Amino acid sequence: MLQFDTIIIGAGISGLYQLHKLRDELNLKTLAIEEGSDIGGTWYWNRYPGARCDSESYTYGYTFSEKIYKNWTWKEKYPKQNTILKYLKFVEKKLNLRKDILFNNKIISGKYLEKKDLWEIKTNKNKIFLCKYLICAAGSLSATNIPNIKGLKTFKGKYYHTGRWPKKKVNLKDQIVAQIGTGSSGIQVAPEIAKIVKKLVIFQRTPNFSIPARNKKLTKEFISNFKKDYEKIKKRLRKTPGGHTFSFPKRSVFDFTLKERNKIYEKAWRKGSLSFRACFGDITKSLKANKTASKFIKDKILNTVNDKKIAKILTNFDHPFTSKRPTLNTNYYETFNRKNVELIDLKTNPIIKITKKGIKTKNDNYNFDKIIFATGYDALTGPLLSLNLVGKKKTKLKNFWNKSPKTYLGLMIPNFPNLFVIQGPGSPSVLTNVPVQIEQHVEWITNCINFLNIKSKKSIEATLGSAKKWSNEIKKLADASLFMKAKISWYKGDNIPGKPKVFIPYPGGLPRYRNICNKVEKNQYKEFLIK
Ligand code: N01
C-alpha cells in the first residue's frame with residue numbers, strides 16, 4: 001500500500017496550487033488524485049455551450065507568482081471555459097505538476113486510522129493509499145444535482161447536466177431541447193444553444209436577476225496595464241470583501257435623487273459586471289435600497305423582452321437582488337424574442353413527470369430529443385459527503401453533519417483530524433472571486449502543516465467548541481444579511497431535498513475572514529487540539 005505525507009483530492013485550481021506548495025516548498029511526498037482524465041476541476045467538467053467565468057479574466061487566476069501572472073495573457077474580459085483550461089495547463093506545465101497527479105480515480109472512501117494517525121483512502125479503481133494529511137480540494141460546486149423527477153429513467157432521448165457536460169460534442173443542431181434551470185449556468189447555455197436547436201423550451205422555477213456581461217476583447221493597452229499593475233491588483237484583490245477589484249462605496253442609494261441614481265445604475269449596466277451590486281453601499285444591506293436596484297433591473301428586462309407575458313414571468317422575482325448569486329448574461333433576455341424559444345413558468349405549470357418522449361407538465365405534454373439539466377449542485381457539503389469519510393471513533397461525516405455542517409473556519413472538522421478542506425462549508429468560498437480565496441486557504445494549510453512538522457506533531461483537529469462558535473458567527477452574520485430573504489437558495493441548502501436548512505458559506509467577507517485565520521496562525525493554532 002503506497003504511503004504519502006499528503007494526499008490532495010482534486011486537481012482543479014486549488015489542488016494544483018496545494019500540490020505545488022506542499023511538494024515544492026515543504027518537500028512533502030504528495031499525490032493529487034483526480035476523478036477526471038485531466039486537470040481543471042470545475043473547468044474540466046463545465047464544458048457546456050456558453051460556459052464562461054463571471055470574474056474578469058485579469059483577476060481570475062493565481063497571483064502567487066509574478067512570473068506566471070505576467071507570462072499569461074488574457075485576451076477577453078470574461079474568459080471562456082476552454083481558455084481557463086488552457087491557462088491551468090500552462091501553470092501546471094510551468095510547475096511540472098502532472099507527474100504527481102493520479103487521474104481517472106474517484107475517492108470512494110476515507111477512514112482515519114486512529115492508532116497510526118493516518119488516513120486510509122480508497123478509489124473506485126481499487127487503489128488504496130495511506131497519508132498523514134488529507135486535503136479535500138474537490139471544489140464547492142462539483143456534486144451535481146439532477147432533481148429526482150418521476151420518469152427520468154424512462155426518457156428515450158439523452159439528458160445532460162451542465163456540470164458534467166460530455167467531452168464528446170453533443171449534437172444539438174435541429175433538435176428539440178428542454179432546459180431545466182435558469183441560474184448562472186442556464187442563463188449562459190440558453191442563448192448559445194437557441195442559435196442552433198430547432199426548438200428550445202426553458203423551464204423556469206424562479207426568475208434570476210441578471211446583468212449584461214458585455215464581454216469584449218481586451219485592448220493591448222489594457223493587457224499591458226494589468227501586467228504592469230500586478231502588485232497593485234494582487235493587493236487590491238486581498239482587500240475587498242468578494243476578492244474582486246471592486247469594493248462597496250459608502251454612498252447610499254438615498255443620497256441621490258431618482259434621476260441621479262438611475263444615471264449611476266445606467267452607467268454600471270452599460271459597463272456590465274458583477275460590480276453592478278456595488279453601485280451603492282446599501283444595495284446588499286437594506287431592503288429599501290435594494291428595491292431600487294431590483295426595479296431598475298426589472299424595467300430593463302421588461303424593455304428587452306417583446307412578449308409581455310414572457311417578460312412578466314421573467315421578472316416575477318421572489319427574492320431581493322443579490323440574496324441569491326447574481327448572474328451575468330450575454331443576450332439571455334433577447335433569446336426570448338426568438339421564435340424557436342419558449343418559456344414555461346413552473347410556478348403555474350409544474351412538471352408532473354418525465355415521459356418516454358419528453359416532459360409532462362400540469363397543462364401540457366412536450367416531446368424532446370434532449371433534456372439539459374442546468375439545475376445546480378449539492379453545494380459545499382455535497383463534495384465532502386460523497387467521499388464517505390469516517391473519522392475518529394468511527395464517526396461518519398454524513399451522521400456528524402446530519403443537522404448542519406460543523407467546521408472551524410471552514411478549514412477543519414471536529415472528529416476528523418489532519419483533514420483540511422479548501423473552499424469548504426463555513427468559508428467565504430462561493431461568495432468570492434474563487435481563486436483569491438483558494439490562495440488564502442492553500443497558504444494557510446501549508447503554513448499549518450509546516451508548523452506541525454517542525455514541532456513533530458502527530459495530529460491537529462478542530463474542537464467541537466470552536467466549531468460551535470464558528471457556526472454561531474456564521475448564523476449571526478447571515479441573519480443580519482439579505483441572503484436569508486431568498487426563498488429557495490443553494491446558499492442555505494434549499495435546493496436539495498433533506499439537506500439541512502442553514503446558511504453554509506461564511507458571509508463576513510474575505511478581509512475579515514483572512515484576519516481571523518491569520519490570528520489563529522499567529523496564535524500557533526491554540527484553538528485546535530494538537531497531539
Ligand atoms: O446552479 P443554480 P448553476 N426543478 O443552483 C433550478 C457557479 N457558476 O449551475 O432558483 C426545477 O444557481 C433552480 O431554480 P431555483 C455560480 O456560483 C458560475 O446555474 O432554485 N428547477 C435554478 O434556476 C453559481 O451560482 C458561473 O428555484 C430546478 C437552477 O435550476 C453556481 O455555480 C457559471 C430544480 C439552478 O441554478 C451554480 O450555478 C455557472 C427543480 N427540481 C455556475 N432544481 C460563472 O462564473 C433546481 N432548479 C459564469
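Annotations for the structure displayed:
- For the stretch 49-101, the calculated P(r) over all alpha carbon pairs, in 10 Å bins from 0 to the bin holding the longest distance, is 24, 52, 22, 2 percent.
- Take every Cα pair under 8 Å whose residues are at least 6 apart in sequence, average their separation, divide by the length of the stretch 317-430, and the relative contact order is 12 percent.
- Taking every C-alpha pair closer than 8 Å and separated by at least 6 residues, the mean separation divided by the residue count of the chain gives a relative contact order of 19 percent.
- Between the alpha-carbon centres of the stretch 45-99 and the stretch 387-450 there is a gap of 25 Å.
- Counted charge near residue 271, where neighbours are those whose Cβ lies closer than 12 Å (Asp, Glu -1; Lys, Arg +1): +3
- Accessible surface computed residue by residue for the chain, with neighbouring protein chains in place and a 1.4 Å probe, gives 45 Å² per residue.
- Shape category assigned to the stretch 251-371 from the gyration tensor of Cα positions, a/c cut at 1.5: prolate
- The stretch 1-113: Cα Rg divided by the 2.2 N^0.38 Å rule of thumb: 1.13
- As a size descriptor, the averaged projected area of the C-alpha convex hull of the stretch 1-52 was calculated at 4.2 nm².
- Cα pair distances exceeding 19 angstrom across the stretch 383-493, given as percent: 51
- Bridge orientation summary for the chain: considering DSSP beta bridges with both residues in this region, about 40 percent are antiparallel.
- Percent breakdown of C-alpha pair distances by 20 Å bin, ordered from the shortest bin, for the chain: 21, 56, 22, 1
- Accessible area of residue 434 (1.4 Å probe, protein heavy atoms only, ligands and nucleic acids ignored): about 40 Å².
- The angle between the Cα long axis of helix 434-454 and the longest principal axis of the Cα atoms of the chain comes to about 10 degrees, rounded to the nearest 10.
- Fraction of the pair-distance distribution of the stretch 457-531 above 14 Å, Cα-Cα pairs, percent: 69
- Convex hull volume per residue, computed on the Cα atoms of the stretch 373-414, equals 85 Å³.
- To the nearest ten degrees, helix 81-95 and the longest principal axis of the Cα atoms of the chain are 20 degrees apart.
- The ratio of the alpha-carbon radius of gyration of the stretch 190-317 to the globular-protein estimate 2.2 N^0.38 Å is 1.28.
- Amide H within-cut-off set for residue 211, under 5 Å, with H built and near neighbours excluded: 327, 328, 329
- Cα-Cα separations in the stretch 83-197 greater than 20 Å, expressed as whole percent: 64
- Distance between the C-alpha centres of the stretch 223-243 and the stretch 155-215: 34 Å, rounded to the whole angstrom.
- Computed over protein heavy atoms with a 1.4 Å probe, the carbon and sulfur contribution to the accessible area of the stretch 108-192 reaches 50%.
- Accessible-area composition of the stretch 204-350, carbon plus sulfur, in percent [1.4 Å probe]: 54
- Restricted to Cα atoms, the stretch 118-172 shows a radius of gyration and a Dmax of 17.2, 48 angstrom.
- Helical contribution to [θ] at 222 nm, DSSP H n ≥ 4, -39,500 (n - 2.57), averaged over the chain, rounded to 500: -9000 deg cm²/dmol
- Carbon plus sulfur fraction of accessible area for the stretch 454-496, probe 1.4 Å, in percent: 57
- Distance violations [Cα-Cα > 28 Å] among 127/458; 168/347; 99/216; 406/457: 168/347; 99/216
- For the chain, the longest principal axis of the C-alpha atoms and the axis of helix 287-304 are separated by about 50°.
- Less than 5 angstrom separates the built amide H of residue 355 from those of 360, all sequence-distant by 5 or more or on a different chain.
The values are calculated or read from the model by the stated rules, or taken from the named source; none is laboratory data. Only a predicted model underlies this, so the values are computations on that prediction, with no experimental measurement involved. As a convention, Cβ positions derive from the backbone with ideal geometry for all residues, glycine included, and neighbour counts pool all protein chains shown. Note: areas computed on protein heavy atoms with side chains; ligands, DNA, RNA excluded. Shrake-Rupley method; radii C 1.70, N 1.55, O 1.52, S 1.80 Å.
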